[in-house]
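Report on the following structure.
Rule-based calculations on the coordinates, nothing more; no lab input. Everything numeric here is computed off the predicted structure, so don't read it as measured data. As a convention, Cβ positions derive from the backbone with ideal geometry for all residues, glycine included, and neighbour counts pool all protein chains shown.
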Amino acid sequence: MRINLKDEKDFTLVNIKRLIASSDDSINRQLRVTKDGHAFISDAVGNENLDNILFRFETWCMGNSYCGKEASEDERYVKEVYYNLKDNWPNPKSSYIDYW
């Protein structure tokens, strides 16, 4: 799943919740944003495969409920992800967002 951050009808709390639920917590993952404004959850983490990536969040380590159904049901967490994306698109504070 991808969310177009340039489209207010696509960039919603409901879709952030869906995005978080779209991947399970069985491997390390990373929320990334492309230069053209699409947010997605990547299986590549750290400094792997960064072509066309404007910024990325810190790695979501497996087993810590950063993604998956359980994480998507935590309204506070979903809002935190949403507002961190909103605060950094289109002008990120850094190419790596350590939001904790």
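Observations on the model:
- The string of couplings for segment 31-44 from the Karplus curve (6.51, -1.76, 1.60, θ = phi - 60°) is 7, 10, 10, 6, 4, 8, x, 9, 8, 7, 9, 9, 7, 7 Hz, one whole number per residue in order, with x for Gly and Pro.
- Taking the charge dipole of segment 1-68 about its Cα centre, with +1 at Lys and Arg Cβ atoms and -1 at Asp and Glu Cβ atoms, the residue from ASN47, CYS61, PHE11 reaching farthest to the positive side is PHE11.
- Around the Cα centre of segment 17-89, unit charges on the Cβ atoms of Lys, Arg, Asp and Glu (plus for the first two, minus for the last two) sum to a dipole of about 220 debye.
- Annotation for segment 75-100 versus segment 1-28: alpha-carbon center distance of 13 Å.
- By the compact-protein rule of thumb, 2.2 N^0.38 Å, the alpha-carbon radius of gyration of the chain corresponds to a ratio of 0.96.
- Taking label positions 7 Å along the Cα-Cβ direction at both MET62 and GLU75, the computed distance is 3.2 nm, reported to one decimal.
- Karplus-derived 3J(HN,Hα), 6.51/-1.76/1.60, for each residue of segment 5-19, Hz, glycine and proline x: 5, 7, 10, 4, 6, 9, 8, 10, 4, 4, 6, 5, 4, 5, 4
- 5 angstrom amide H check on ASN28, placed H, neighbours 5+ away: MET62
- Share, in percent, of DSSP beta bridges within the chain that are antiparallel, nearest 5: 85
- Label-point separation in nm, GLU48 to ASN4, each point 7 Å along Cα→Cβ: 3.0
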